[in-house]
Each structure stands twice: as C-alpha cells, then as structure tokens.
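Okay, so here's the structure we're looking at.
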Amino acid sequence: MTMNTAALANRFRIAGALEFIETKDGLVKAVISRGGAAGELFLQGAQVTAWQPTGAQPVIFLSPRANLAPGKAIRGGIPVIFPWFGPHPNDPKAPQHGLARTAAWRLDRTEETADGVALEASLAVGGFALTYRAVFGDMLWLYLTARNISAQTAAFEEALHSYFAVSDVEGVSICGLETNGFIDKTADMRLGRAAGAPLRLTKETDRVYLDVPDRLAITDPGWNRRIVIEKSGAASTIVWNPWPEKAAAMGDLGADNWHGFVCVETGNVSDNRIELAPGATHEMTTRVRLDAQ
Ligand code: BG6
C-alpha cells in the first residue's frame, strides 16, 4: 500500500532532520537536512536526487528537465537499476535498465545515526526481495541487498546509476580504472584496452568496466575537489556521458546540461552478474565522500 505524505510524516518524520514533500505531479520525496548535510530521496525508485555536505557544491546532479512524474524514470540522481542493466536480454519491449527505478518502493524505517540520517526502503521484483539503505551525512552511504525469494537459482544485474555533479565533464579525470579494459557501448560492444592513465572524457562515452578495484575518484580541478567512491560487493563500473548531440535528443536532459555531470556507476553487470541460490543474499555498498584536491 502506498502511504500519503501525511501518513509518512506521521510515522517516519524526524523533527529538524527529515520531512516529506509531494511534488506537483504527485511524487513523494524525503527531504533531509541535518547538521553537516542535505539530501533528497524519492520513494519512486528509492532514488537519491540530492546530497551535499554543508557549504559544498551539489555532489549529485539532477537534470533541470527531469520528469518528476509517476512511472517516469528520473534523469539524474542515483537510479537503482535492477534486475537487468541496459536493454532486457531477450524482451525488446521490456524497459531499459530494469523495473526497480520506476517502481513504488515501500519505506520501512528512518533513523538518526552517528553517520547521518538513514532511510530504509524495500521492493520485491523479479523473484528478488530488495532492501536499500541510504544514509545522508558528511558522507553518503548506500547499501543494496538482494535476496532470492524464488524456488530456483536466479541471476541479476544491478547498478547504482550515479550522476555526479562536476564543474565541467571535459575538465575532470577519473582515477582507479587505469589497468582495466572495458566494453565500449559506443563501438558495438568492442573491447577497449586499459589506458594506463586516469580517464579523461573527450567524446560520447559509454563504457562498462568489469572486475574493477573498490576505490575510484573523480578529480575536479574546476571545483577544487575530489569525489571519492568506495564500494564493496560491486565488481563493475559504468562510465557514461552522452555528449551534446545525444543529450539534445533526450527531452529530459537537453543540449545545455551534459557538461554538468558524469555517471560513474557502481554495479554488477554483464559477466559480473550475480547468481543466487534460493534464499541466498548479496549486498553491494557504496560510500561517497568529498576530499579537497
Ligand atoms: C548508462 C548506459 O548506464 O545509462 C547507457 O550504459 C544509457 O547506454 C544510459 O544510455 C542512460 O540510460 P537511460 O535509460 O537512463 O536513458
């Protein structure tokens, strides 16, 4: 059952730290503001759409043209991708990037912890029970757990499709992928070779890196900061920016907004997909923080 804003506030609001707001199109979001940090999470898709430590530029990008309406994927933030990544493997009519990002998640719990304000939400999808915990503090902590609730061994792909806000995508570099080859989705899935140097984006980029290390960083000289991404249980990283031509063709992005973000996604996709026996559980976590450069 979906709860309305008043019922959610009654049960889950935290005075001075967490409130609920309904958008004009009827989506509900939790708005977090406490001491060192602010953030937002939409219950549709359990999608984080904002997080920033006090005094910092936003760390998460949300498109000014995002569709904030029921059933539409929200462009920006951190969509939860599950149980498939990209097009469905054999059903062309199934939505890109799975079912979780447009589903109505159930909010189960909110609390204040030493790490920040925590929200927990759950969703049953495709034979799996998902739980998602997001903690908004000086750092952003995300935990996605999947349990196989079917009677058969089953596989899934997943991603936290993080849109990171940057001063200019052409000025940043991504460290941590230097020794990994990648699948190039802009070149018929051909394999690209390890660059041996931090990644600079100079054109449309859509790359799937497999078996990556657990620590990556986006260095942003324009804003004099580094976004550090530390993860566990997640072997893949996807790097994406559409560049102007494709961005212009996307009604919820537009030609003027592609400079302001880079997607560096934490996940388990392609050959890193996860197979679970009935009753078994897998957890993937990401922790995001800012460092001065
Ligand atoms: C990336 C994919 O993760 O998401 C790209 O690798 C895709 O191929 C992009 O274009 C955006 O997807 P969507 O469904 O949100 O437009």
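We did not get these values from a lab; they are worked out from the coordinates using the rules stated. As the structure is a prediction and not an experimental result, all values here were calculated from the model. Glycine also receives a Cβ, built like all others from the backbone with ideal geometry; neighbour counts cover every protein chain displayed.
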Most fluctuating residue given options Asp211, Asp138, Asp188, as computed from a GNM of the chain linking Cα atoms under 10 Å: Asp188
Trypsin sites (Lys or Arg not before Pro) in segment 196-276 lying in a DSSP loop, each with at most 15 other Cβ atoms within 10 Å of its Cβ, come to Lys203
Placing +1 on the Cβ of each Lys and Arg and -1 on the Cβ of each Asp and Glu in segment 74-205, which of Ala103, Gly116, Ile174 has its Cα farthest towards the positive end of the resulting dipole? Ala103
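How much net charge surrounds Ser122 when only the other residues with a Cβ under 9 Å from the Cβ of Ser122 are counted, with Lys and Arg +1 and Asp and Glu -1? Working shown, then result.
Working: positive: Arg106; negative: Asp108, Glu120.
Combined, the nearby Lys, Arg, Asp and Glu give -1.
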Given the DSSP H assignment, sum -39500 (n - 2.57) over each helix run of at least 4 residues in the chain and divide by its residue total; what's the result at 222 nm in deg cm²/dmol, nearest 500? -1000 deg cm²/dmol
Packing-based ranking, highest mean first, of 279-285, 34-40, 105-111 given that Cβ atoms within 10 Å are counted: 34-40, 105-111, 279-285
What is the magnitude of the charge dipole of the chain about its Cα centre, with +1 placed on the Cβ of each Lys and Arg, -1 on the Cβ of each Asp and Glu, and no other charges, expressed in debye to the nearest 20? 320 debye
Return a whole-number percent for the relative contact order of the chain, with Cα pairs under 8 Å and 6 or more residues apart as the contact set. 17 percent
Positive-end residue, the chain charge dipole about Cα centroid, Cβ charges, pick of Leu41, Thr219, Phe164: Leu41
